[in-house]
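Read through the structure below, which is laid out as structure tokens, and then see the notes.
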Amino acid sequence: MNIEKDDQAFIVSFLSHCCILLTLSLIPIINERIAPTIQIVSYPVQEIIIPESLDIEDINTFSEEETILSNEEAGEESLQINEENLEIELQSVETVEDFGDTISNEDLMELSGSSNESNIGNSGVAVSGVGSAVDRLSREIVSNANDRPVVVFWLFDASVSLFKQRADIASRFEKVLTEIELSKNQNQQINHIVSSFGGVLSTITPAPTSDKDQLIKDILSIGLDESGIENVFGSIQELISSHKNLLKKNKSRMMVICFTDEVGDDQNKLEPLIVSAKQTGCMIYVVGVPSPFGVAKSELKYVDPDEKYDQTEKWVQIQQGPESFVKMTLNMKSLDIDNILIDSGFGSYSLSRLCQNTGGLYFALHPNRNISHKISKKDIDPLSSGIQYFFDPTIMFNYKPDYRSIDQQTKEILSNKTKLALINACRIEDGINISGNQVLKFDARTIESFLKSLNKAQQFSAKLDPKIAQVFSILQNGEATRGSVKEKVWGASFDLAMGRIYAAKCRNESYNLLLAEAKLGMKTERQESNQWELVHTEESIKGNSSVEKSFKLAQMYLNRVVSEHSGTPWALVASEELKTPMGYKWMEGYLEPDIMKMNDNGNNIPKPPKDDEKKMLSPKLQRNVSKI
């Protein structure tokens, strides 16, 4: 078959193009084959959650609640926190009112008085009188009015326990306003509004004013709120929301100055309030009370300020703490110091965090503040908490609680074995309660009575021993990584907890050894002796390797706390532990026979008759102290 030249050329051209197209089509395949393989490793995102008892709403009761557990229920696993059961419920901020339509972002930054995203306030300004706090506040007001008008909202707790404080402020308010007028320059505009709160917010001053007479009259006109409810966070939020137009109209800076002696019943509103205050540039100041160290409740010395009511002195429990978001002290009562209120150096966590994050100040007010010696309870002023030890604020400044976000705090706790171990141990509510419960005196008038006393003591010790072992086991998980903890407050807290649990372990082991020894028989040196008593000493520690080891480690940790954290609550408690010997010895004594006083006829002496005159007096009105 003959093929013409033109046909040949066509065939060659066709085949050539086919080869080119085939080659081009293979390029992606070749590239795909030689492309490097990239392996993407996906790590599971761990949910950061907070323990139930650490919700902001419940933080004011975490150290008072008691959980009664049987020996089977009280196992380490049932109470220990780990990555699976550490739960934090972050407060939602989705419901916070949006102020974006009112002010631009630039204006918000100007109103806050800072170029940073958040202001940094101070959480522990120690004062002994409301006058000192108000004097400092007058300087803050003038300073904040340097670059724009200021509206100051004076917000008063309307409960009866603040009655005297409100009167004190009213009596010096004219002087304060005069000082503000004299201190400010002619271009500064400062106005005030008086409000009060209890169950609800009551705004008394109708519009911002600088009229002294009007403002004093408004403070004196505050009525008592006897509901027993203190919605401080919601009231501040309402003040911000209802006066936001001031910001839009005058670009005024808002200052809220709150006077209260409790933590508030609506702490669940803390997180949205912080966001709202930052958005509006509102600076929040609180003249409050010191939070007791390691506990949520204080005892208030209550004498009714109104003389028509009963003037009998009463000690009433009141919420004034805790000072930190997580509990960092063991639930332990083994010494006298455990039954005494100690100043933490700071105010309640929620209110302090509010001040810290909005550029304000928290004033920890106590009229009997004295850092040189212990305060006797009889010397504590009426309507003041029963705190008996105070500390130098310049020292305590280095032990400030963590006021960062809950999320940040939780992540750091979960990532550090020492911190996690401490929090686990301090969460055990059914704690180690020794003082007042441990049998130390034993009736030896008969063998039967002595054995009965010994059995009772051993039963108590048998219940105590697994609790000590549980706390000890949990804290041991953090010993190896103790060096990784750099913050003073965490270091002092962990070392004190370790020192105390080793001391408790040492004492209980020594106690058990002496009880067992007594059951083998005791010899008295005096014939009339009919009682045995266990007294503290270090003599019984020697000769038992286990007890000696606990003793040496207790001494090491406690001495470290005293030397490294001098002048703090941790050092005070540690020094009390060191003063109390960690062992026991037997001392014989004499127990008087039970003799009932009789009259000449052999009958019981009757009680003296009540004063008939007193019975005729009209009793004074009684106030419900649960709602003060």
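Quick notes on this structure:
- Top-ranked residue of region 555-587 - restricted to ones that are β-branched (Val, Ile, Thr) and surrounded by fewer than 23 Cβ atoms within 10 Å (Cβ to Cβ), ranked as farthest from the chain's Cα centre (by Cα): 580
- Among the residues making up region 186-229, those that are in contact (Cβ under 8 Å) with a residue 24 or more places away in the chain, over 20 Å from residue 142 (Cα atoms) and among the hydrophobic types (A, V, I, L, M, F, W, C) are 197, 200, 201, 219, 220, 222, 224, 229.
- Residue under evaluation residue 305, criteria (1) assigned to a helix (DSSP H, G or I); (2) in contact with a helix residue (DSSP H, G or I) (Cβ under 6 Å, 6 or more places away or on another chain); (3) surrounded by fewer than 24 Cβ atoms within 10 Å (Cβ to Cβ), criterion not met: (1)
- Hits in region 335-353 (condition: surrounded by 24 or more Cβ atoms within 10 Å (Cβ to Cβ) and out of contact with any strand residue (DSSP E or B) (no Cβ under 6 Å at 6 or more places or on another chain)): 344, 348, 349, 350, 353
- Residue within region 336-355 that is free of Cβ contacts under 8 Å to residues at least 12 places away in the same chain and either assigned to a loop (DSSP other than H, G, I, E, B) or within 24 Å of residue 628 (Cα to Cα) (or both) present: no
- Leading residue by the ranking (surrounded by the fewest Cβ atoms within 10 Å (Cβ to Cβ)) among those in region 371-390 that are within 17 Å of residue 301 (Cβ to Cβ) and free of Cβ contacts under 8 Å to residues at least 24 places away in the same chain: 378
- Matching option when the condition is assigned to a loop (DSSP other than H, G, I, E, B) and either among the hydrophobic types (A, V, I, L, M, F, W, C) or in contact with a helix residue (DSSP H, G or I) (Cβ under 6 Å, 6 or more places away or on another chain) (or both), among 478, 436: 478
- Residue count for region 227-253 satisfying the condition of being of a type in the set (D, E, K, R), over 26 Å from the mean Cα position of the chain (by Cα) and in a loop (DSSP other than H, G, I, E, B): 1.
- The single residue among 418, 410 that is outside any loop (DSSP other than H, G, I, E, B) and within 28 Å of residue 465 (Cα to Cα) turns out to be 418.
- Region 216-233: number of residues that are over 12 Å from residue 155 (Cα atoms) and of a type in the set (A, V, I, L, M): 4
- Residue match in region 463-475 (condition: of a type outside the set (A, V, I, L, M, F, W, C), in contact with a Lys or Arg (Cβ under 9 Å, 6 or more places away or on another chain) and either within 29 Å of residue 591 (Cα to Cα) or outside the structural domain of residue 437 (by TED's automatic domain parsing) (or both)): no
- Failed item in (1) charged (D, E, K, R); (2) surrounded by 15 or more Cβ atoms within 10 Å (Cβ to Cβ); (3) assigned to a loop (DSSP other than H, G, I, E, B), with residue 147 passing the rest: (2)
- Which listed residue, of 411, 467, 452, 417, is in contact with a strand residue (DSSP E or B) (Cβ under 9 Å, 6 or more places away or on another chain), surrounded by fewer than 20 Cβ atoms within 10 Å (Cβ to Cβ) and modelled with pLDDT of 90 or more: 452
- Check on residue 171, assigned by TED's automatic domain parsing to the domain that holds residue 305 and either in contact (Cβ under 8 Å) with a residue 24 or more places away in the chain or in contact with a helix residue (DSSP H, G or I) (Cβ under 6 Å, 6 or more places away or on another chain) (or both): no
- Residue within region 256-273 that is in a loop (DSSP other than H, G, I, E, B), buried (at least 24 other Cβ atoms within 10 Å of the Cβ) and among the small types (Gly, Ala, Ser) present: yes
- Any chance residue 299 is crowded, with 18+ Cβ neighbours inside 10 Å and in a strand (DSSP E or B): yes
The values are calculated or read from the model by the stated rules, or taken from the named source; none is laboratory data. In this text, all values refer to a predicted model and were calculated from it rather than measured experimentally. Note that we place each Cβ from the backbone using ideal geometry, even for glycine, and neighbour counts take in every protein chain shown.
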